[in-house]
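The values are calculated or read from the model by the stated rules, or taken from the named source; none is laboratory data. Since this is a predicted model, take the numbers as computed values, not measurements. Glycine also receives a Cβ, built like all others from the backbone with ideal geometry; neighbour counts cover every protein chain displayed.
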Amino acid sequence: MKTEKLWRSLFITGTDTGVGKTVIGAGLARLLVERGLKVGVMKPIETGVVSLCDAAATAREGTLSDGAFLARAARIEERREVIVPCAYAEPLAPLVAARHAARRVDLAAIRRAWEHLSSEYDLVIVEGAGGLSVPIEEGYDMASLALDLGLPLLIVARPSLGTLNHTFLTVHYARSRGLEVMGVIVSGYDPQTTDVAELTNPPLMEELCQVPVIGVVPKRGAIDSPEDAADAVEEGVDMDAFLLLLRGGGQPQR
Ligand SMILES: Nc1ncnc2c1ncn2[C@@H]1O[C@H](COP(=O)(O)OP(=O)(O)OP(=O)(O)O)[C@@H](O)[C@H]1O
Ligand SMILES: [Mg+2]
């Protein structure tokens, strides 16, 4: 009989591609590891990785692939098939990359990787590709994958003008699919900003989307390592409150 998990795993999605999902996921993973948790990570589908057999190692232009960055952050060594069960060379939406490569996304491989990680680790941080409605197969998108894995969502959003609309659409699409939204993290915030939109967006997100803003992570000169990511996330996220959410102690948001 399976025992009840003490910690809840989560699926990180974004309001768009390039919003900071990997930085937030890596930062959270490292901070949780430093608090003594055994954290698994997965990027179920990664596109734009130079070598398919090297998806969890050094990839394009000397930067780490998302899977490798997350694995380093969590300080785990797992086979590539576990961290990045499905990889494509072209930097495209998964369905498009799969069609170009004439190789469907291997959902069974993702399921196997998930089962391994969820049985071996206290909690697992899964990073989606792009946003929530990004297509994976015909009639199957990122929301479908989060639903199949039974994971609540953490939404990463931009701080700037336009983000209210993107966040609202993401939250409402998630709820329309029956997904639980744990909360939003605003990524890349300028602490010195005098921009009215940036200053008012986090509280308005809470008001309009009825969802907690779990953190507002500052923009740094560069984030080159999991240590940099952890440093930025620690500044923007109250980790004690976040741990409470992971224990299921926060208000569930539907
Ligand atoms: N707080 C920050 N300060 C400075 N740079 C940041 C910050 N957050 C993210 N970045 C940079 O922005 C870029 C995009 O971030 P990231 O890779 O985390 O986005 P993503 O949502 O995971 O993208 P993808 O959709 O490709 O997976 C990266 O170069 C990253 O280093
Ligand atoms: Mg990423």
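Might you let me know whether segment 204-213 holds any residue that is of a type in the set (A, V, I, L, M), part of a helix (DSSP H, G or I) and surrounded by fewer than 21 Cβ atoms within 10 Å (Cβ to Cβ)? Within segment 204-213, one or more residues are of a type in the set (A, V, I, L, M), part of a helix (DSSP H, G or I) and surrounded by fewer than 21 Cβ atoms within 10 Å (Cβ to Cβ).
Residue-level check: of (1) within 10 Å of ligand 1 (Cβ to nearest atom); (2) exposed (fewer than 15 other Cβ atoms within 10 Å of the Cβ); (3) of a type in the set (Gly, Ala, Ser), Gly248 misses just (1). Evaluating Gly188 against the criteria (1) outside any helix (DSSP H, G or I); (2) within 14 Å of ligand 1 (Cβ to nearest atom); (3) farther than 27 Å from Leu243 by Cβ; (4) not hydrophobic (A, V, I, L, M, F, W, C) leaves one unmet condition, (3). Taken over segment 165-194, the criterion of being more than 18 Å from the chain's Cα centre (by Cα) and either under 10 Å from Thr15 (Cα atoms) or among the acidic types (Asp, Glu) (or both) is satisfied by Asn165, Asp190. Here Ala241, Ala222, Ala230 are screened, and the one residue that is within 16 Å of ligand 1 (Cβ to nearest atom) and part of a helix (DSSP H, G or I) is Ala230.
For segment 77-116, a tally of residues being in contact (Cβ under 8 Å) with a residue 40 or more places away in the chain and in a loop (DSSP other than H, G, I, E, B) returns 8. For segment 117-155, the set of residues classified as among the hydroxyl-bearing types (Ser, Thr, Tyr), farther than 22 Å from Lys5 by Cβ and outside any strand (DSSP E or B) consists of Ser133, Ser144, listed by residue number.
Residues that are in contact with a Phe, Trp or Tyr (Cβ under 6 Å, 6 or more places away or on another chain), among the hydrophobic types (A, V, I, L, M, F, W, C) and crowded, with 18+ Cβ neighbours inside 10 Å are absent from segment 156-166. Of the numbered conditions (1) in contact (Cβ under 8 Å) with a residue 40 or more places away in the chain; (2) in contact with a Leu (Cβ under 8 Å, 6 or more places away or on another chain); (3) among the acidic types (Asp, Glu), Glu120 fails exactly one; give the number of that condition. For Glu120, the failing item is (2). Within segment 32-39, can one find any residue that is modelled with pLDDT of 95 or more and within 10 Å of ligand 2 (Cβ to nearest atom)? No - not one qualifying residue is present in segment 32-39. Residues that are small (Gly, Ala, Ser) and surrounded by fewer than 24 Cβ atoms within 10 Å (Cβ to Cβ) within segment 21-41 comprise just one, Gly36.
Taken together, Ala71, Ala89 contain a single residue that is within 16 Å of ligand 1 (Cβ to nearest atom) and either closer than 17 Å to Ala109 by Cα or at pLDDT 95 or above (or both), which is Ala71.
Between Asp122, Asp148, Asp141, the distinction of being within 16 Å of ligand 1 (Cβ to nearest atom), charged (D, E, K, R) and modelled with pLDDT of 95 or more belongs to Asp141 only. Within segment 119-156, being on the phi > 0 side of the Ramachandran plot and either over 11 Å from the mean Cα position of the chain (by Cα) or of a type in the set (Asp, Glu) (or both) holds for Gly139, Gly150.
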